[in-house]
Protein chains: 2
Amino acid sequence: MSLPSNSLLLMPVIDLHLPESLLFAPPPILAVVAAENAPILLTGVLLSLVIIYLASKIGAEISQYLNFPPVLGELVSGVIVGVSAFDWIVFADSDLPATESGVMFVLQWIYHISPAIATNVFESQSEVISVLAELGVIILLFEIGLESDLRQLKAVGVQAVVVACVGVAVPFAAGTAGLMVIFHVAAIPAIFAGAALTATSIGITSKVLSELGQLNSTEGQIIVGAAVIDDVLGIIVLAVVASLAKTGSIDVGNVIYLIFSATAFLLGSILLAGIFNKGFVLIVDTLKTRGNIVIPAFILAFFMAFLGNAIHLEAILGAFAAGLVLDETDARNELDGLVKPVADLLVPIFFVTVGAQADLGVLNPADPANWGGLLVAGFLITIAIVGKLVTGWVVFGKPKINRLAIGIGMIPRGEVGLVFAGIGAASGVIDKSLEAAIILMVIVTTFAAPPFLRIAFDRSNIAPSEIE
Amino acid sequence: MSLPSNSLLLMPVIDLHLPESLLFAPPPILAVVAAENAPILLTGVLLSLVIIYLASKIGAEISQYLNFPPVLGELVSGVIVGVSAFDWIVFADSDLPATESGVMFVLQWIYHISPAIATNVFESQSEVISVLAELGVIILLFEIGLESDLRQLKAVGVQAVVVACVGVAVPFAAGTAGLMVIFHVAAIPAIFAGAALTATSIGITSKVLSELGQLNSTEGQIIVGAAVIDDVLGIIVLAVVASLAKTGSIDVGNVIYLIFSATAFLLGSILLAGIFNKGFVLIVDTLKTRGNIVIPAFILAFFMAFLGNAIHLEAILGAFAAGLVLDETDARNELDGLVKPVADLLVPIFFVTVGAQADLGVLNPADPANWGGLLVAGFLITIAIVGKLVTGWVVFGKPKINRLAIGIGMIPRGEVGLVFAGIGAASGVIDKSLEAAIILMVIVTTFAAPPFLRIAFDRSNIAPSEIE
């Protein structure tokens, strides 16, 4: 036979092209294993959820007690229960075998299952928890959309827009260019990491400002307005970058198409909001059975998220648009109250999972092999801080304004930065070291901003200029 | 080369028996496929949820409009979108290939994926929706537990206990014996189907009674009390039967152990409720971050469900016990409001899934091959009706009571019957024909009871004897 010697290596590829009738036949052995494993899988999912909820609540409470944002505690407790430390919540795409997972250890102890079945259950369970985490981030963005008041944006005006645009452009450009030129990172992961530096956390910033009594000062209004705008910009950037990552190549025409379609998707939803709202209120009033508000709202959120994915953008862009749309509904207050417990249950799964999946061990300074990754992390943190600090100096026409406070106020990254890390890692675009660097960047900027913001406002002898 | 001609087909099977070290190594090809597929899987899950929610809401509203319980509409609309009719929501354990699933058809159209990847995504998506449905039934039982007022049980007294016990024992014994003797069904599926006949639906019965203004009559109080008790008995029976099904053999010692442990688990939880409650209130009051009530409640619910599975009983037994425990908490009213939207979102997934998975085509009377299955269904429906009708005549010391109304009031099966069908089918204990027969039994008893109950109360010339 005259087959080339590497024909065997090609066989798995050939297998994928077997006649359809064979491929479509249900694989009997896997199916039987799955049916037997269904209760084991459920037990594993339940145990994982219990651990995730315990970790998130303990982390959030400690963080709150120490005057840091609760989300930071959820992230850090995720790191503790995850692959960096205790290995209780481990995912199949890490390099760890099933036996190293704490949850799987318990399952093996309860059910005396064979290693092969353990691996099977481990993979299925990872997949289920990952989807739950993705539903969590969809609901998170839906809630952020619901809370973003578009009318408020019009009020804060041009100063906030300028601060937001500079605060997105500088870290993105400097981060991407630096990673490519200095650290020779490939273009797509470099763009992804650069994009992760863009979005200021509205939640964290406005909480600290409100504690300092600066929420209604000119500085506070500019910071919050800019944070809302750069969230929107950040989500558009993420949709574009993630879509680039899927195709694997950067084509100028494609980038323009993606930016255009992401913006059109968001603006279109907002322009159609009036029609959506009338329809939504009509439906809610017509329905007589349980869930008359929450089910239509989630049909819209999940359908828009589906649409976002289907047009090769991102599910979270759709969920965010759905939130913006329903933001102005008459039923909004009631809807907020109904979305809250659902978000309380699903969003922590996302934050804990992001922490648990990130292997901060790859940045352990004790191992010289990690020093390169540490340098990258240090670079990202520097750009994240400097890139936002400069925004204070682009505010014009306000000579007495506290420029340092505005710059510092823009520093904390939060949810959206973690969304970048989570989606980047899940899609395999960024490697472990870059993922860990982004998460470290989020942790450092979030920890650092509150104390420095206090100092910046205290140091200035100028009383906070009240909004005119 | 002397390989047999079918050696290629055997390769996947042989692969499963590789040495452990290889099994634990992450399979590179599958892992790559899975990472690429993650967004496709999410798109499929989102589309499935949109279809499930649309179906459940349309079904519930039509059912409500026609004066039938909403849950029946959710079940029937599940049948319509499922394997019996339109094939939109199909599960990998049905005999249908991925291409026949409506959701997969859309995914293939959007992503142009190969048949092999489609099958991979189809299986993962089935698994995720199944776990969501299982979480739905866990939350359903948690909610039923929360709504079951244990103090009310003490009030309705011995009459309700007698009615409940007879109404559980007669259909269970007659159903199981009949299936084994007349239809030669094997012992374990026969016991499973017999057990599915036991539990009256509290929700459906009390809704019809309240419409008739009979909720506070002696008859109404006996019916509702007995329905609460036979729910508890039914869940214990389910836990025991499902556990028997897992081991596959019926050993008298094991049955006694299971009945004892299920009862002890439930009674133990109730006895410890006081301590649980104090601890729960203390925790809720201490926590300062979001989700301070809902997260501890779900930690308890999921942990008890985990425990139920871990001691080889059932997750829903644990969730029900958790609901009973928190039922008497001071924070209960607030908790009810928080659990409601979560239940509104997850419980319909369960009901629609049960309908979608059941292939009512196996009972199509046009095909003579199905006549055996139809006879079984007819038998189950007869036993379900007669076995509850007799309960009216065991009430003692109340000569003027409307015995027929009590008997009819106990007839509608609902959630718990569907739980039996869902769990039985998922674990492979009952075959498609028996699953379809149980679901038909639930539909018929639920449709039939309300009109006959109206007739029974109207016909009696005796005014409803008010409760003393």
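The values are calculated or read from the model by the stated rules, or taken from the named source; none is laboratory data. The model shown is predicted, which means the values in this text are computed figures rather than measured ones. Quick reminder, even Gly has a Cβ in these numbers, built from the backbone with ideal geometry, and neighbours come from all protein chains shown. These area figures cover heavy atoms from the full protein model, side chains too; ligands, DNA and RNA do not enter into them. Shrake-Rupley method; radii C 1.70, N 1.55, O 1.52, S 1.80 Å.
Exactly one residue out of A:Ser210, A:Ser206 is assigned by TED's automatic domain parsing to the domain that holds A:Thr382, open to solvent by less than 60 Å² (accessible area, probe 1.4 Å) and closer than 25 Å to A:Lys398 by Cα: that is A:Ser206. When restricted to residues that are in contact (Cβ under 8 Å) with a residue 40 or more places away in the chain and either surrounded by fewer than 24 Cβ atoms within 10 Å (Cβ to Cβ) or not in a helix (DSSP H, G or I) (or both), segment B:398-414 contains 10. Regarding segment B:222-238, can at least one residue be identified that is surrounded by fewer than 18 Cβ atoms within 10 Å (Cβ to Cβ) and at pLDDT below 85? No, there is no match, as no residue in segment B:222-238 is surrounded by fewer than 18 Cβ atoms within 10 Å (Cβ to Cβ) and at pLDDT below 85. Reported count of residues in segment B:333-347, each being modelled with pLDDT of 95 or more and more than 10 Å from chain A (Cβ to nearest Cβ), is 0.
So that you can scan it fast, the table gives a plain yes or no per residue for (1) over 28 Å from the mean Cα position of the chain (by Cα); (2) aromatic (Phe, Trp, Tyr); (3) not assigned by TED's automatic domain parsing to the domain that holds A:Thr445:
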{"site": "A:Ala366", "(1), (2), (3)": "yes, no, no"}
{"site": "A:Asn370", "(1), (2), (3)": "no, no, no"}
{"site": "A:Leu380", "(1), (2), (3)": "no, no, no"}
{"site": "A:Ile383", "(1), (2), (3)": "no, no, no"}
{"site": "A:Val386", "(1), (2), (3)": "no, no, no"}
{"site": "A:Gly392", "(1), (2), (3)": "no, no, no"}
{"site": "A:Phe396", "(1), (2), (3)": "yes, yes, no"}
{"site": "A:Met410", "(1), (2), (3)": "no, no, no"}
{"site": "A:Glu415", "(1), (2), (3)": "no, no, no"}
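The set of residues in segment A:81-101 being in a helix (DSSP H, G or I) and modelled with pLDDT under 95 consists of A:Ala98, A:Thr99, A:Glu100. Consider segment B:343-377 and keep the residues that are without any contact (Cβ under 8 Å) to a residue 12 or more places away in the chain and outside any helix (DSSP H, G or I). The one that is nearest to B:Ala55 (Cα to Cα) is B:Asn364. For the structure I just gave you, tell me whether A:Asp285 is within 14 Å of another protein chain (Cβ to nearest Cβ) and either touching a residue at least 40 places away in the same chain (Cβ under 8 Å) or in a helix (DSSP H, G or I) (or both). Judged against the criteria, A:Asp285 is a match. Identify all residues within segment A:298-332 that are within 14 Å of chain B (Cβ to nearest Cβ) and either in contact with a strand residue (DSSP E or B) (Cβ under 9 Å, 6 or more places away or on another chain) or of a type outside the set (A, V, I, L, M, F, W, C) (or both); write none if there are none. Matches in segment A:298-332: A:Gly308, A:Asn309, A:His312, A:Glu314, A:Gly318. The single residue among A:Leu418, A:Leu453, A:Leu380, A:Leu440 that is open to solvent by 10 Å² or more (accessible area, probe 1.4 Å) and either of a type outside the set (Val, Ile, Thr) or in a helix (DSSP H, G or I) (or both) turns out to be A:Leu440.
If you check A:Val284 against the conditions, is it crowded, with 21+ Cβ neighbours inside 10 Å and in the same structural domain as A:Ala239 (by TED's automatic domain parsing)? Spell out the reasoning first.
On the way: crowded, with 21+ Cβ neighbours inside 10 Å: no; in the same structural domain as A:Ala239 (by TED's automatic domain parsing): yes.
The answer is no for A:Val284.
Answer yes or no: is there a residue in segment B:260-273 that is assigned to a loop (DSSP other than H, G, I, E, B) and farther than 30 Å from A:Val339 by Cα. Looking through segment B:260-273, at least one residue is assigned to a loop (DSSP other than H, G, I, E, B) and farther than 30 Å from A:Val339 by Cα. Among the residues of segment B:123-135, are any away from chain A (no Cβ under 14 Å) and open to solvent by 50 Å² or more (accessible area, probe 1.4 Å)? Scanning segment B:123-135, I find no residue that is away from chain A (no Cβ under 14 Å) and open to solvent by 50 Å² or more (accessible area, probe 1.4 Å), so the answer is no.
Reported count of residues in segment A:19-44, each being modelled with pLDDT of 90 or more and touching a Lys or Arg at 6+ places or on another chain (Cβ under 8 Å), is 0.
For segment A:308-328, what are the residues that are open to solvent by 10 Å² or more (accessible area, probe 1.4 Å) and touching a residue at least 24 places away in the same chain (Cβ under 8 Å)? Explain how you work it out, then say what you get.
Start the filter on segment A:308-328 by keeping residues that are open to solvent by 10 Å² or more (accessible area, probe 1.4 Å), which leaves A:310-312, A:314, A:328.
Scanning segment A:308-328 gives A:Ile311, A:His312, A:Glu314, A:Glu328.
Would you check which residues across segment A:254-269 are surrounded by 19 or more Cβ atoms within 10 Å (Cβ to Cβ) and of a type in the set (A, V, I, L, M) and list them? Selection gives A:Leu258, A:Ala262, A:Leu266. Within segment A:167-176, does at least one residue satisfy the condition of being surrounded by fewer than 21 Cβ atoms within 10 Å (Cβ to Cβ) and either in contact (Cβ under 8 Å) with a residue 60 or more places away in the chain or within 14 Å of another protein chain (Cβ to nearest Cβ) (or both)? Within segment A:167-176, one or more residues are surrounded by fewer than 21 Cβ atoms within 10 Å (Cβ to Cβ) and either in contact (Cβ under 8 Å) with a residue 60 or more places away in the chain or within 14 Å of another protein chain (Cβ to nearest Cβ) (or both). Annotation: of all residues in segment B:68-101 being open to solvent by 20 Å² or more (accessible area, probe 1.4 Å) and among the small types (Gly, Ala, Ser), the one that is nearest to B:Arg413 (Cα to Cα) is B:Ser84. Looking across segment A:45-80 at every residue that is modelled with pLDDT under 95 and more than 23 Å from the chain's Cα centre (by Cα), the one that is nearest to the other protein chains (Cβ to nearest Cβ) is identified as A:Tyr65. For segment A:383-397, residues that are in a helix (DSSP H, G or I), open to solvent by less than 10 Å² (accessible area, probe 1.4 Å) and more than 30 Å from A:Phe91 (Cα to Cα) total 4.
I'd like to know if segment A:423-446 contains one or more residues that are closer than 24 Å to A:Ser217 by Cβ, touching a helix residue (DSSP H, G or I) at 6+ places or on another chain (Cβ under 9 Å) and outside the structural domain of A:Gly73 (by TED's automatic domain parsing). Even if it seems obvious, please write down each step before you answer.
As a first pass, look at segment A:423-446 and keep what is closer than 24 Å to A:Ser217 by Cβ: A:445-446.
Still in the list and also touching a helix residue (DSSP H, G or I) at 6+ places or on another chain (Cβ under 9 Å): A:445-446.
Next cut, outside the structural domain of A:Gly73 (by TED's automatic domain parsing) only: A:445-446.
Checked segment A:423-446: at least one residue is closer than 24 Å to A:Ser217 by Cβ, touching a helix residue (DSSP H, G or I) at 6+ places or on another chain (Cβ under 9 Å) and outside the structural domain of A:Gly73 (by TED's automatic domain parsing).
The combined condition, being farther than 19 Å from B:Ile349 by Cα and part of a helix (DSSP H, G or I), is fulfilled by B:Ala116.
When segment B:82-119 is filtered for residues that are over 20 Å from B:Ala358 (Cβ atoms) and touching a Leu at 6+ places or on another chain (Cβ under 8 Å), the ones remaining, listed by number, are B:Val106, B:Leu107, B:Ile113, B:Ser114, B:Pro115, B:Ala116, B:Ala118, B:Thr119.
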